[in-house]
Amino acid sequence: MRKHSAYLSVLLVTAVSLANAQTASEKPSSGTLPYSPSLDLSSMDKSVDPCVDFYHYSCGGWQKKNPIPPDQTSWSVYGKLYQDNLVFLRGMLEQAAQPDEPSKDPRNAVTQKIGDFYAACMDEGAVEERGLSAIQPELDAIAQIKLAKDLTPVVAHLQLTYSGYSYNSSVLFSAGSTQDPDDSEHVIAEVDQGGLGMPDRDYYVKDDAKSKETRERYVQHVQKVLELIGDSPVAAQKNAETVMRLETAMAKASLTRVERRDPHNLVHKMKVGDLTRLAPNFDWPGYYREMQYPEFAILNVGAPQFMKELNTLLSSESVDGWKTYLRFHVADTSSPYLSSKFVEENFEFYRKYLRGATEMQPRWKRCVQYVDYDLGEALGQVYVAKVFSPELKQSTVDMVRRIEDAMGQRIRALDWMSPETKQQALVKLAGIRNKIGYPDKWRDYSSVSIFRDAFADNVERAHQFETRRDINKIGKPVDHGEWGISAPTVDAYYDPQMNDINFPAGVLQPPLYDPKTDDAPNYGNTGGTIGHELTHGFDDEGSQFDAKGNLKDWWTKEDREKFDARTKCVDDQYSGYISVEDVHLNGKLTLGENVADLGGEILAYMAWKDADKDKNLQPVDGLTPEQRFFIGFAQWDCANERPEDLRMRAVTDPHSPARYRINGVVVNMPDFAEAFSCKAGQPMVKPAEKVCRVW
Ligand SMILES: [Zn+2]
């Protein structure tokens, strides 16, 4: 499940489908998900003073009980729930993978697809035997390239067929459909920067010692992959330098993540003729024909500077150099579903070296995740029927409504915003669509053939289906019912162009949303998540889109200046935090998430107070209702994090590390200091004049 949007704000990059899982409790189960409460006293460490370090007070016990499993890059409440989900999904998939027998009713179309996809993935013997031949047709097509113009059809085929499981890399550049930034009801074509093998352009350009070491390791990785597809060690070494040279030039011309957070930097609408003038060395009309794009008049070019540089490279680099680049990327991107030596090399660089995992995830776990990635809405249908009751939907819809009411009250009460801008903000709030649990209409995979004996082919067909589905949206009105992540995903997101908030069934399970526990911890936890996504509509990026999802300024100049001063307070606060060793957080990269974390919790607190105003709340286990609200909040993100992973995420992840997502919020909430009787001067209490408050 991949949504092509430059602006999507997810709750947690690390918890999205492919990231997390654990080794314990590996027995498949198709019964129920294991239960843990939304407030767990044993996860706390009461020896820590909450006014000194609230995160460790709330999560110290959890951290001790939950060391990072060797196959994981980090470990958290979300990751653990996702692991439970994987075990649960495995049970479902093993059942779905039972072949049809004459004595039984045949499987329906949905269970056949997910079952056979899983069975083919689990058939390690067949995958091993197939080896490199799974991508031999692509390698042959690359070998046939003689002239630069021959690149076009090969690039088109590779972009259609290969999307990376580890990173959404595509060869040369990325492309697809997007909502017109000026008219969000229409879908247009888009091309953007891409083509890199490492997770971010910064890896290629930074000159600290660690970045240099990483580049050396990457060149070794490229060399290894080229050797696996038949290059001699000497040739592979030379060819790896070529790949590195090309990618470095592309990286230098790429926008940074911080630049990409300003949506105006990404809007350059033009005709195909203009794109041809910008980058004449690539055959754009031929590319669009080859990809079978629908007729279209306008496309958006996300990063024109990148296209110019690519154009230069297309003539300055030899055709042989480009062939090497393409060969490496086909093999690297498809490594996860090739034979074991490819899988191992992929793990060694991307998960072990870059992110610190020490063991590979067992095959079943990877296979469950590939089903979720490639047939997510088929898997989601079966999942939702088991874990998301109408009652659960009703109670979570009610919580969303209450959080939105709180946002309306906040906007009306803001003392720094003019009535004109408030009016517009309320229009935007009223325009937000709430998507809870699962899509009203499931994606139809009937055109994707899935067989139980050809894993790589299944993956390629599923990827082609997804790319075509994305491209075929061009020229059509927007489908507001579409979801960007699958129902089992333990994550949530706001999409500014759709102006919608999305909470899949996977994120509305205990301990995150716990129907057996009272409101206080639930509002602290899931209420905060809902408020977080809602606030994204009004963070430094989301606030530039209007109620319809158009990139249109609805602010008065004075109000925007006051807003910027308020977000600067948050930027300065988080820029002062250390992520790992000598690495500071990037306050500008993480600004939107930090604003959403803070705003979300303020809204959740208001909504909770209102929801329970007529209840006579009493202390439980020696904790006041207010204390339980805040502990519920902190326990959404109890985590253990590896230094390697923190280092990577400081570059790539717009979210702050777990402890700052908690402590960085409560220091700005006087209600917290009051709940725990914290005194001025203690670490969790900011002087009043320094408290940040945006919404
Ligand atoms: Zn977020």
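What to note about this one:
- Once the C-beta distance of Lys206 and Asn472 is scaled by a Förster radius of 41 Å, the resulting FRET efficiency is 0.55 to the nearest 0.05.
- Annotation for the range 571-612 versus the range 157-224: alpha-carbon center distance of 28 Å.
- The range 259-318: C-alpha gyration tensor shape, a/c 1.5 cut-off, then a/b vs b/c: oblate
- Neighbourhood net charge (10 Å Cβ-Cβ; Lys/Arg +1, Asp/Glu -1) for Val490: -1
- Mean-position separation - Cα centroids, the range 29-60 and the range 265-338, in angstrom: 49
- Val620-Leu426 FRET efficiency (beta carbon distance; Förster radius 41 Å; 0.05 resolution): 0.65
- Rounded to the nearest 10 degrees, the inclination of helix 643-652 to the longest alpha-carbon principal axis of the chain is 80 degrees.
- Summed residue charge, Cβ within 10 Å of Tyr353's Cβ, Lys/Arg positive, Asp/Glu negative: +1
- Exposure proxy shown here: for Tyr337, Tyr660, Tyr82, the number of other Cβ atoms within 10 Å sets the order, fewest to most, as Tyr660, Tyr337, Tyr82.
- Charge tally around Val319: other residues with Cβ under 9 Å, Lys/Arg +1 each, Asp/Glu -1 each, net -1.
- Inter-part distance, the range 499-548 to the range 417-469, computed on C-alpha centroids, equals 18 Å.
- Label positions at Lys516 and Ser446, each projected 7 Å from the Cα along the C-beta direction, are separated by 4.2 nm.
- Global form of the range 296-454, assessed from the alpha-carbon gyration tensor, a/c cut-off 1.5: oblate
- Relative exposure of Ile501, Ile432, judged by other C-beta atoms within 10 Å (fewest first): Ile432, Ile501
- Protection proxy ranking of 466-474, 226-234, by the mean of other Cβ atoms within 10 Å over each peptide's residues and highest first, is 466-474, 226-234.
- Backbone N under 18 Å from the Asp572 label point (7 Å along Cα→Cβ), restricted to the range 594-634: 594-595
- Among 36-49, 93-106, the order from most to least packed when residues are scored by Cβ within 10 Å on average: 36-49, 93-106
- Principal-axis tilt of helix 109-122 within the chain, Cα atoms, nearest 10 degrees: 70
- Gain upon complete extension [Gln95, His264; 0.36 nm per residue less C-alpha separation]: 56.0 nm
- Order by protection proxy (mean Cβ within 10 Å, highest first), peptides 249-256, 556-563, 618-625: 249-256, 556-563, 618-625
- Distance in nm between pseudo-label sites at Ser133 and Ala688 (7 Å out along the Cβ direction from Cα): 7.7
- Along its principal axes, the range 413-500 has C-alpha extents of 64, 32, 20 angstrom, given from the largest down.
- Ranking of Val330, Val267, Val507 by neighbouring Cβ atoms within 10 Å, starting from the fewest: Val267, Val330, Val507.
- For the residue pairs Lys588/Lys686; Lys149/Lys308; Lys65/Lys212; Lys80/Lys679, the alpha carbons lie more than 25 Å apart in Lys65/Lys212; Lys80/Lys679.
- Cα point-scatterer Debye curve for the range 546-695, base-10 log of I(q)/I(0) at q = 0.11, 0.18, 0.19, 0.21 Å⁻¹: -0.52, -1.17, -1.24, -1.36
- Tensor-based shape of the range 43-158 (alpha-carbon gyration tensor, a/c under 1.5 rounded, otherwise prolate or oblate): oblate
- Relative to the longest principal axis of the Cα atoms of the chain, helix 419-431 runs at roughly 60 degrees.
- The smallest convex shape that holds all Cα atoms of the chain, its convex hull, gives 152 Å³ per residue.
No value in this document is a laboratory result; all are computed from the given coordinates. As the structure is a prediction and not an experimental result, all values here were calculated from the model. Don't worry about glycine lacking a Cβ; one is built from the backbone with ideal geometry, like all the others, and counts go over all protein chains shown.
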